[in-house]
Structures are given as C-alpha cells and as structure tokens.
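Read-outs: derived from the displayed coordinates by stated rules, not from any lab. Here the structure is a predicted model, which means the values were calculated and not measured. Heads up, the Cβs are rebuilt from the backbone with ideal geometry, glycines too, and the neighbour counts pull from every protein chain shown.
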Amino acid sequence: MKYYVYVLKSIGYGRHYVGFTRNVRKRLRQHNAGKTFSTRPYIPYELLFFESFDSKQEALDREKFLKTGKGRTYIKSASWRN
C-alpha cells in the first residue's frame, strides 16, 4: 500500500499544512470538517499537491523535509507545478 505526503493551502488565510496519509481524499475531508485540531481554525483547505511513496519511512522523511525552511520555499515556488 502507498503512503502519501500532501500539502494543503487554507483558502481564506493562505497558510500551508503538510501531512502524510494513506488516503488523501479522506484526509482532506477530515481537515475541512474540522476534525484536525491544528488546522481547524483555518478551514477550508484546498489540496495543492501530493506525492506517493512505497514506504512509511520515505513519506515521513519527505514530510519532515517539507516542514524545513528549504521545504517551505519549495512549496511556495512554482517549480513543482510543472
């Protein structure tokens, strides 16, 4: 089974959220339903992008990177949108 790292953007506030899951659609619905404490104040969210990985560790490593300064710069850049 695949693991996914996803990036959400708050529509009203422009804030980003990075997480990992096995089911991106379900997780986005949970965020937008206010079921996640850390994202609840900034709903609704849109999915910016997600990446798939074969192992949980690979996904966790990527999530950790995207939460660093370089990772946040990557998220804000347009280069991943091509």
Task: Matching residues in segment 1-49 - criterion: being among the small types (Gly, Ala, Ser) and part of a strand (DSSP E or B) - done: 10, 19
- [ ] Among residues belonging to segment 50-60 that are outside any strand (DSSP E or B) and in contact (Cβ under 8 Å) with a residue 12 or more places away in the chain, point out the one that is surrounded by the most Cβ atoms within 10 Å (Cβ to Cβ).
- [x] 59
Open item on the list: Tell me whether segment 9-21 contains one or more residues that are of a type outside the set (D, E, K, R), more than 24 Å from residue 77 (Cα to Cα) and free of Cβ contacts under 8 Å to residues at least 12 places away in the same chain.
Closed with: no
Task: Residue within segment 28-39 that is within 10 Å of the chain's Cα centre (by Cα) and without any contact (Cβ under 8 Å) to a residue 60 or more places away in the chain present - done: yes
